[in-house]
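Worksheet for the structure shown next.
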Amino acid sequence: MWIPTEHEKYGVVLASFRGTVQHGLPLEIGDTVQILEKCEGWYRGFILKNPNIKGIFPSSYIHLKNAHVKNKGQFETVTPVEDSVITEMTSTLRDWGAMWKQLYVKNEGDLFHRLWHVMNEILDLRRQVLVGHLTHDRMRDVKQHITARLDWGNEQLCLDLVPRREFSMVDPDEISVTELYRLVNRLTPLHKETPVPASTHHLFVHVKSLMSANLGEELEVFFHIYDGRESRPLSERFFVRLNKSGLPKSPEKTERQCTLFVVSSEHDFMFTEIDWRMGAGEKKNLCSVQYRRPFGCAVVSIADLLTADSKDDHLLKVYACNTESEWHQIHENIIKKANSRYNLSGSNTGLAVALQLLHGDIEQLRREYMVLFTRGVSITRKLGFSDVIMPGEMRNDLYVTLEKGEFEKGGKSVARNVEITVYVLDIDGQILKSHVAAGSGEPGGDEYHSLVLYHNNSPRWAEQIKLPIPVDMFRGSHVRFEFRHCSTKDKGEKKLFGYSFVPLMQEDGRTLPDGTHELIIHKCEENTSLADCSRYLKLPFSKANLPSNNQTLKGTKESFWITSFLCSTKLTQNGDMLDLLKWRAHPERINDSLSKLKEIDGSEIVKFLQDTLDTLFGILDENSQRYGLKVFDSLVHIINLLQDSKFQHFKPVMDTYIESHFAGALSYRYYMAVHVSALTSVTVYIIQSRRLFSLATGGQSEDEFRVCIHELFMSIRFFLSQENKGTSPVAQTQAVFLRTFPAVYGELLKIFTVREVAGFVREMLGSLPTTIHADCPLEAVKLQCIAKTVESQLYINPESRCILLPVVLRVLQAHMQEQRDLVMCARILTSMLSLITKEENGTEPVVSEEVQLIVESLLGVLLRTILEISNRPQSAGPAMRIQFQDGEFVACLLALLRQMSDRHYQQLLQAFSSKDDLRDFLLPIFTVFRILIRPEMFPKDWTVMRLVTNNVIITTVLYLSDALRKNFLNDKFDYKVWDSYFYLSVIFINQPCLQLESFSPSKRKKILEKYGDMRVMMGCEIFSMWQNLGEHKLNFIPAMIGPFLEVTLVPQPDLRNVMIPIFHDMMDWEQRRSGNFKQVEAKLIDKLDSLMSEGKGDETYRELFNSILLKKIERETWRESGISLIATVTRLMERLLDYRDCMKLGEVDGKKIGCTVSLLNFYKTELNKEEMYIRYIHKLYDLHLKCCDLEFLNYPMQSEWQRKEYLHLTIVQNFDRGKCWENGIILCRELADQYESYYDYRNLSKMRASLYDKIMDQQRLEPEFFRVGFYGKKFPFFLRVKKSPYSLYYIMLYATTTYPFPNL
């Protein structure tokens, strides 16, 4: 017994089933089936792609899947419960499969193969998603890749655009029309948002090995990013140790082999280089002393990596200097290709590295490349700060570059081999452990040894080291440089001969200035002990700081140069900044320090933003009366500084500081008095200060604070209400306030209710002057303020919307009426309508009230705005593309109409005080709807948007139909309104996007399930409205015959059944008026010919037209004449259908000619349509010319002497070509009178003579004709039963190519 299924509703076929059993349903692997019933191991159901055929199939062949069932019962629909991306992939691949095969048939090989690869790629990605083993980030990446591939394929196959949000298809019913428009507009190629390039890039480097035949010592490899344009390094160094085989010394520690270089996008990478320097220690006389010696250098341009998204292996060539004295600039020589200064280190020498350029900040990379950070990778920082320094971020790195030195021979015959040893010592003279780093990748050491350049008293190293010294150890610390001569004799010992030092901080707390420093080399003996640093720290360290009377040290030739660069978030080299931060140590300098704050470089201020703000509020708490005004000015200066685009990334720093670090509980009392002059700059500080005070005191002085706030806003309203010229300081200040005011809504909500804040905002906006000068900046700024308000969290709350909406609508209405700032108006209206949704429960009344307010204020002006924009001249092109603001307004109109309920429409129509007002509303809205229906209104692939538009239009039209019936019938009849209504209805039904027969079965099924057939709904409405017209129907006869006939030709049976009876009604009313229906007949015949020539209509329509109308006129008094008309129109349809079928490609020319003759004879003999007869005469002429069959021309003789001469000559020429010279001579006789009247006897004699000569001289064969009859319905209507003469040639042609041999 068959039982309806409860849970087994949806499944996928696992194996093919032939369906050989009784009622069996054939299945193919992969088909999806909907199950209706089950019985002992069998299911009954249908394949989703062909729901009309039902049958049974084994349950073991089906893999069941969870599904969601809608409308349980006979008309239930089943949707699988799975990831929406998976569902889309499955349905899309099915559609692509059929189209992919057609590509092969059409020989589109390129797209065929590309689509094949994409389909396989999507299938692989689908398997990954179904397995469910992907991480969240990886799943996101896979879905993003899938949707990109689906969009590509849909675009290539000219399929519909799929609007998505977070990779999932959106349901148009679940989002507002404005949001839907933005989604599809963003995906359109012409409007696709250009991806914003990443502000930060990272270069991933993985060192693999050094290949060389000359190894034998351990190697040290250094990498850094170098700017070839400015000849300076951009990053610190990455340090890798290699063993004697050229492989990484610690292969188990991947962070010592891999790094990420951080590079800002402001550099163009065109001349950036990666270089490394290697030194091998020399073991002489079996001693353990080793030196670092230069080995080689390599450079690669990062410009070559910009287009590569994958990680590529590179073998970099290694170059060596011709002379060691140029080692410091070998990388520059390679970049500049100064070949004379370097050469290859060896033909087989190369460094194997993997390089990949990654885009995004470090947090983005952690999400997208988790594997890199899981296995370990070091971060090599850039020389300088990141784009944003957040509170709590600590960095204190001092970079020292060993530049060069000048040394004396020291009594030796040759130059020295100088090595520098670098130490960092604290205030007690103890060496800081692990605070000297050669680069990232390797841990820091206690000391650093420089390269040794052979026999060079003026060595140049250009070696960079990093000293990550803690802030609390900076004061009193110094760096010591010890110089030793490395002898290749004397057992390879290193002999100390001098030292230099440099303190890291000055007495006043400033650090060592950035730049190059010339240090003094203090000579010492080999066995000198430097353990007691207090002995040399009293000596001068730099020649720049020597007193003028110390000529001994100034005159010495020995010097050592270093370059320092400090990257610190806590230390500064600016004295004015230091004085401000240490204001408690010198309170007498506070006024000076506050005055000089505006002179300090902005980058220095934002670097110490948190400390600077703490200092300002500390000074304010200490003595607000004395320093309050200057502190306030300084605070405003900092806030304005953050408005600069250069420092806009520091705004989050300010927000975080206010939320987490600000502690001025009494600050609000002072700033309340000066807030008006500073506008909104310090509102956030007031709010946070008040919150802290409330927490500390349990909410004391709450009423006083609220009174102060209200007084403050009263002052601001008075300030904003002042009318001034656009260039006046007051007007400019008002504009600044309006730009920044929306930023404080969130802060106000922390201490006030939503309704209170909304009241403040409403009063602010309402206080603005209504009359504004044309050049006043408030005109645009006011709209910008409203836009930010509508997009803020404040407006999202329904309680605040009902307060703010009236003032917003008032401003919008004024601007749209004057057609000003339409782009901003569209933005505001879009944001407003995106928030309005038909929700359940308690919000429905609120939403309904909001919709009512918008309808009353903006519906009329919105219609006029769309008409105004649509009537503007369009740019040249094959199609009109809507401008952005036009599309936004259209979406807003549709969203508003979709939100309107019965009550809204009733109130709208009742609001019109007179019939003329209602007429002035209906005509524009019908015109706008006709504009929206145009094919060129939206791009071709915006089917989702078109369907939503049509759904809104038909819903609105149904409501407006009642207004037409109630207000424009009987004595109040208005032809123009009714005509506009019918015209809209007709083009609505005929628009291409509603012709479901042309869509694929799956697409047609989705549309019918969601919207139904909107053509039938509109057709029923047309019929209903027509029946209400009564005697006014005569106003539309015969004007509406053609449009209604076009509607009935749409291949939809229900629509035809509804619309065809209207022709009976037209015949009846025309019979009453004129006693006949010749106008109806003439219009029907004329329109049938043109419409069927366009491919509309079919045999089913002919039969339906005949049967419906015959049944309708059975009881009419004019039945006989009606039957005659219907029979005539039906026979005309037969011939027109035959003619259209014959004109198809592949038909023989004789058949086309015969069909055309039949049709033109019908127009001549039965309908007496002279103009139609002449039209087909020309078509018959063209057919004869095409097939060169002019022998059988038998045109009726023409006696109309008014025809122009060229027509006669053309006929004579055709007879000449067809060898019908006798007929040509007859025409020449008719031409004789014309020629004789002009005395042109020469042309006439030549023409006649030529024809007579051809009759006498040329040979022609007599044609053989047979009388042929065609019997059977397989022949076209114009051939059936008739007997006509045919030449043997055409008889054989018909027999062999078109039909069975006819009866002779």
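The values are calculated or read from the model by the stated rules, or taken from the named source; none is laboratory data. Bear in mind the structure is a predicted one, so any value in this text is a computation, not a measurement. Here the Cβ is made from the backbone with ideal geometry for all residues, glycine too, and neighbour counts use every protein chain on show. Surface accessibility is based on the protein's heavy atoms, side chains included, excluding ligands, DNA and RNA. Shrake-Rupley method; radii C 1.70, N 1.55, O 1.52, S 1.80 Å.
Does the range 316-436 come out rounded, prolate or oblate, given a ≥ b ≥ c as the square roots of the eigenvalues of its C-alpha gyration tensor, rounded meaning a/c under 1.5 and, failing that, prolate meaning a/b above b/c? Oblate, because a/c is 1.5 or more while a/b does not exceed b/c.
For the range 977-1099, the relative contact order comes to 26 percent (Cα pairs under 8 Å, sequence separation of at least 6).
Work out the length of the dipole vector of the range 491-618 about its Cα centre, built from +1 on the beta-carbon of each Lys and Arg and -1 on the beta-carbon of each Asp and Glu, and round it to the nearest 20 debye.
Here the range 491-618 has a charge dipole of around 480 debye.
With the other protein chains left in place, how much accessible area per residue, in square angstrom, belongs to the range 928-1025 at a 1.4 angstrom probe? If you can, show how the numbers build up before the last one.
Working: 3650 Å² over 98 residues.
Here the residues of the range 928-1025 average 37 Å² of exposed surface.
Over the range 498-633, what percent of the accessible surface lies on carbon and sulfur atoms, probe 1.4 Å? For the range 498-633, the apolar C and S fraction of the accessible surface comes to 45 percent. Taking 0.36 nm per residue of sequence separation and removing the Cα-Cα distance, the residue 1013/residue 339 pair yields an extension gain of 234.8 nm.
Report the paramagnetic label zone for residue 87: residues of the range 113-128 whose backbone N is under 19 Å from a point 7 Å from Cα along the Cα-to-Cβ axis. Counting backbone N atoms under 19 Å from the label point, the list is 126-127. Structure note, pairs 966/1112; 244/495; 966/1003; 253/607; 466/607: Cα-Cα distances above 31 angstrom occur for 966/1003; 253/607. Database remark: amide H of residue 235 closer than 5 angstrom to the amide H of 225, 383 (H placed geometrically; neighbours at sequence offset of 5 or more, or on other chains; Pro and chain starts carry no H).
The accessible-area ordering, largest first, of the residues 379, 1153, 35 stands as 379, 1153, 35, per a 1.4 angstrom probe. Coupling constants for the range 420-426 follow from the phi torsions by the Karplus curve (6.51 cos²θ - 1.76 cosθ + 1.60, θ = phi - 60°), and in residue order they are 9, 10, 10, 10, 10, 10, 8 Hz; glycine and proline get x. With contacts defined as alpha carbon pairs under 8 Å and 6 or more residues apart, what's the relative contact order of the range 881-990 in percent? Normalised by residue count, the contact order of the range 881-990 is 40 percent.
Entry comment: accessible area of the range 466-518 is 41 Å² per residue, from protein heavy atoms only and a probe of 1.4 Å. Solvent-accessible surface of the range 1-136, averaged per residue with a 1.4 angstrom probe and all protein chains in place: 62 square angstrom.
Couplings for the range 965-981, taken from phi via the Karplus curve 6.51 cos²θ - 1.76 cosθ + 1.60 with θ = phi - 60°, read 5, 7, 10, 10, 10, 6, 6, 9, 4, 10, 4, 5, 5, 5, 5, 5, 5 Hz in order; Gly and Pro are left as x. Going by Cα centres, the range 97-111 and the range 902-948 are how many Å apart? Comparing the Cα centres of the range 97-111 and the range 902-948, I get a distance of 42 Å.
On full extension, the segment bounded by residue 148 and residue 1073 gains 326.6 nm, given 0.36 nm per residue less the C-alpha separation. 3J(HN,Hα) along the range 846-858: 5, 4, 4, 5, 5, 4, 4, 4, 5, 4, 5, 8, 10 Hz, from the Karplus curve 6.51 cos²θ - 1.76 cosθ + 1.60 with θ = phi - 60°, whole Hz, x for Gly and Pro.
What is the distance in Å between the Cα centroid of the range 404-478 and that of the range 1068-1114? Each part's Cα centre sits 105 Å from the other's. Take the cross-link list 49/106; 249/433; 54/940 and give me the ones stretching past 29 Å between alpha-carbons. The answer is 54/940. Pairs of Lys residues in the range 1115-1181 are counted when their Cα atoms are under 18 angstrom apart and they lie 8 or more places apart or on different chains; the count is 6. A straight line joining the Cα centroids of the range 570-625 and the range 32-74 runs 78 Å.
In whole percent, what relative contact order does the range 318-362 give with Cα contacts below 8 Å and a gap of six or more residues?
Taking the mean separation of contacting Cα pairs over the length of the range 318-362, I get 44 percent.
Hey, got the dipole for the range 984-1073? About the Cα centre, +1 on K and R Cβ, -1 on D and E Cβ, debye to the nearest 20?
Approximately 360 debye in magnitude.
Packing around the peptides 295-301, 905-911, 930-936, taken as the average count of other Cβ atoms within 10 Å per residue, puts them in this order, highest first: 295-301, 930-936, 905-911.
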